[in-house]
Amino acid sequence: AYSKPGQTIILKGGTYYPNKGINIERGNNGTEKERKVLIAEDGKRAILDFSKAKVTVTAFNLYGNYWTLKNIDICHTPENVKGLQIAGNYNEILMVDAYENGDTGIQIAGRSAEPPKKWPHHNLVYGCESFGNSDPAQNNADGFASKLTSGEGNIFRNCVAHHNVDDGWDLYSKVETGP
């Protein structure tokens, strides 16, 4: 909440155990020329292990615009809890791995109660791996998803999904919410 556009937040390498979810709220934005960046220190990975967190639905919510997340692992969320949900616009998710979560690893989706112009658009998910995600019913946890309430221009490039209980890639839509 205190970072300014153009500022980089560097996480030391190692494992972090958040006790609650991480929320980058709508309005907490960088700009096209001055992104906000959350990155692990050079040559290291920052592991966000949510196994001890009190969280529902999603462990890491990105509703802000013009953010870059890089070299971070998001793992071990509780049952029925997604790892990372991207609901903002113009974000870059680079080399972020999501694994052994209680639902989908990395998902681009907005809120169904909002109009399509507010749905997340023009996000890049690059070089990410999502694996071992499994929900208790074993019918919903995907590796990657851009579904139901996604806008245009979202890109997954050079990403790998494997050993997820449902789909590796879920690009599902409904008639009610459009393509």
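Please treat every number below as a calculation from the coordinates, not as lab data. Remember, it's a predicted structure, so these values are computed and weren't measured experimentally. Neighbour counts run over all protein chains shown; Cβ positions are idealised from the backbone, glycine included.
So what is the relative contact order of the stretch 96-140, in percent, for Cα pairs below 8 Å that sit 6 or more residues apart?
59
Order the peptides 156-163, 136-143 from the highest to the lowest mean number of other Cβ atoms within 10 Å of their residues.
Highest-to-lowest ranking by the protection proxy: 136-143, 156-163.
Just grab the label-to-label distance for ASP42 and THR56, each label 7 Å out from Cα along the Cβ direction, in nm (one decimal).
Result: 4.5 nm between the two label points.
Calculate the spin-label point distance for GLU34 paired with HIS162, positioning each point 7 Å from the Cα along the beta-carbon direction, and give it in nanometres.
Reported label-point gap for HIS162 and GLU34 is 4.3 nm.
For the stretch 1-39, which GluC sites (Glu not before Pro) are both in a DSSP coil and crowded by at most 10 other Cβ atoms within 10 Å?
Working: sites: GLU25, GLU32, GLU34; in loops: GLU25, GLU32, GLU34.
Here the sparse-neighbourhood loop sites are GLU32.
Take peptides 96-105, 123-132 and line them up by average Cβ neighbours within 10 Å, highest first, as a rough protection proxy.
Order by mean packing, descending: 96-105, 123-132.
Return the long-range amide H neighbours of SER173 (sequence gap of 5 or more, or a different chain), with a cut-off of under 5 Å between placed amide H atoms.
LEU148
In this model, which of LYS4/LYS147; LYS36/LYS174; LYS82/LYS147; LYS70/LYS147; LYS44/LYS147; LYS20/LYS44 are farther than 25 Å apart at the alpha-carbon?
Over 25 Å apart, Cα to Cα: LYS4/LYS147; LYS36/LYS174; LYS44/LYS147.
Using a ≥ b ≥ c from the Cα gyration tensor of the stretch 111-163 (square roots of the eigenvalues), is it rounded, prolate or oblate, where a/c under 1.5 gives rounded and otherwise the larger of a/b and b/c decides, a/b for prolate?
It is oblate, given that a/c is not under 1.5 and a/b is not larger than b/c.
Within the stretch 72-114, list the residues whose amide N lies under 17 Å from a label point set 7 Å along Cα→Cβ of GLN138.
So the set is 79-80, 100-104.
Which FRET efficiency value, to the nearest 0.05, do you get for THR15 and GLU176 by plugging their Cβ-Cβ distance into 1/(1 + (r/R0)^6) with R0 = 30 Å?
Step by step, r from the Cβ atoms, then E = 0.15.
Quick one: which residues, 5 or more positions from ASP97 or on another chain, have an amide H under 5 Å from its amide H? H modelled 1.01 Å from N in the peptide plane, none for Pro or chain starts.
Under 5 Å from the amide H of ASP97: ILE72, ASP73, ILE74, GLU129.
Take the alpha carbon atoms of the stretch 135-154, find their center, do the same for the stretch 53-118, and report the distance between the two centers in whole angstrom.
10
Please go through the stretch 50-84 and write out the trypsin sites (Lys or Arg not before Pro) that DSSP classes as loop and that have at most 14 other C-beta atoms within 10 Å.
Numbers: sites: LYS52, LYS54, LYS70, LYS82; in loops: LYS52.
Filter output for the stretch 50-84: LYS52.
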